[in-house]
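Comments concern the structure below.
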Amino acid sequence: MSEVQVLKPLKTWSHLAARRRKPSEYEIVTTNLHYSTRDSNAPWELDPELFMNRWYKQYRNDSPLKHDDWNAFRDPEEIVYRTYNLMQDGQESYVYGLFDQFNAREHDKSLEKTWAGTLARIYTPARYLFHTLQMGSAYVGQMAPASTITNCTYFQMADSLRWLSHTAYRTKEMSLTFEDKGFGRTERAYWETEPVWQGFRELMEKVLVTWDWAEAFVALNLVAKPAVEESVLRKLGESARHNGDILLGLLTDAQLLDAARHRRWATALVKMALEKDDNREVIKGWIAKWEPLADKAIEAYCGALDDVPGAAEAAIRATREFRSGLGL
């Protein structure tokens with residue numbers, strides 16, 4: 001009669017047992033959560049020829065960007081939902097503290113009417129742009145091959161919504177002081193027809209119909225977002241300070257803190273992807289494809305910032321410096 005082997009129960013989740021230590025909160029609530037990666041032929045455990053299954057097989061499983069274990073990716077800051085809310089609650093308290101303080105000082109009444117008109121044209125329509133960043137982040141997160149990547153993109157998505165909300169708040173505030181500038185009424189028309197926005201509109205509309213998850217990540221996080229951040233945030237913030245609009249300068253500074261965190265996790269993901277030599281040329285090819293559109297968008301937008309000499313050149317150079325630091 002053979003002996004019955006009694007197996008000792010695992011003291012942790014099986015996919016974390018190899019580490020031989022108590023898993024962190026980040027590892028428990030973030031890693032290996034995508035059940036759609038269990039069966040490569042039927043990600044959603046239905047007919048393999050179901051449209052959604054074919055979509056995921058083509059645009060996620062068969063992406064030219066390959067890795068043996070995408071689940072090995074880790075957010076360098078190990079942010080989870082709980083800590084994200086703690087962190088960004090502080091950020092929002094700071095931002096709305098700015099709004100309250102500058103409103104109490106009647107900041108908007110101190111602005112020149114010409115600058116207010118400029119803001120109606122080149123700032124408040126940015127809520128449409130920030131919404132495209134939000135949607136792009138949502139798509140990459142939905143299609144990402146690992147839950148640790150999805151978490152990063154969803155927190156990035158939430159940040160984009162916060163940027164949109166800040167812009168909408170300022171739109172309403174300025175409409176109360178400058179009733180004749182079209183705040184809250186003309187943003188869509190500016191977004192759709194004003195030359196300053198057409199480069200970004202073309203860029204983001206094309207990003208939003210990029211279906212391969214990895215190319216969408218490269219187009220969004222390595223090319224489009226840096227272009228937005230260096231022009232619509234950083235250079236606009238400089239212009240705002242030149243025009244006595246310290247509130248907008250401080251607001252864009254706060255948003256750039258989010259952007260820096262987005263770049264850190266994107267850099268970590270690229271570093272991981274480059275563990276496979278073939279991925280280097282894939283990423284470089286995608287960057288070469290998207291860079292001209294981003295440069296065109298920066299030039300169109302920064303062309304409106306007359307009081308920031310060399311704005312477009314500086315913004316383009318900053319995006320190149322970011323990408324040169326990726327190890328490509």
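For this structure, a couple of remarks:
- Within the chain, the selection of entire DSSP H helices by a Cα span of 27 Å or greater along the long axis and an average Kyte-Doolittle value of at least -0.5 returns 147-177, 246-273, 278-302.
- Under conditions of 4 °C and 1.567 mPa s, the stretch 30-113 yields 74 µm² s⁻¹ as its translational diffusion coefficient, taking Rh as the Kirkwood radius over Cα pairs in the Stokes-Einstein equation.
- Cα Rg, Dmax, the stretch 194-241, angstrom units: 12.3, 40
- The Stokes-Einstein estimate for the chain, based on a Kirkwood radius over Cα pairs and taken at 37 °C with 0.692 mPa s viscosity, is a diffusion coefficient of 152 µm²/s.
- Counting only lysines at least 8 places from K206 when in the same chain, those with an alpha carbon closer than 19 Å to its own are K225, K284, K289, K296.
- The lysine pair tally for the stretch 55-200, using Cα distances under 27 Å and a gap of 8 or more places or different chains, is 6.
Any read-out appearing in this document is the output of simple, stated calculations on the displayed coordinates, not a laboratory observation. What you are looking at is a predicted structure, and each value in this text was computed from that prediction instead of being measured.
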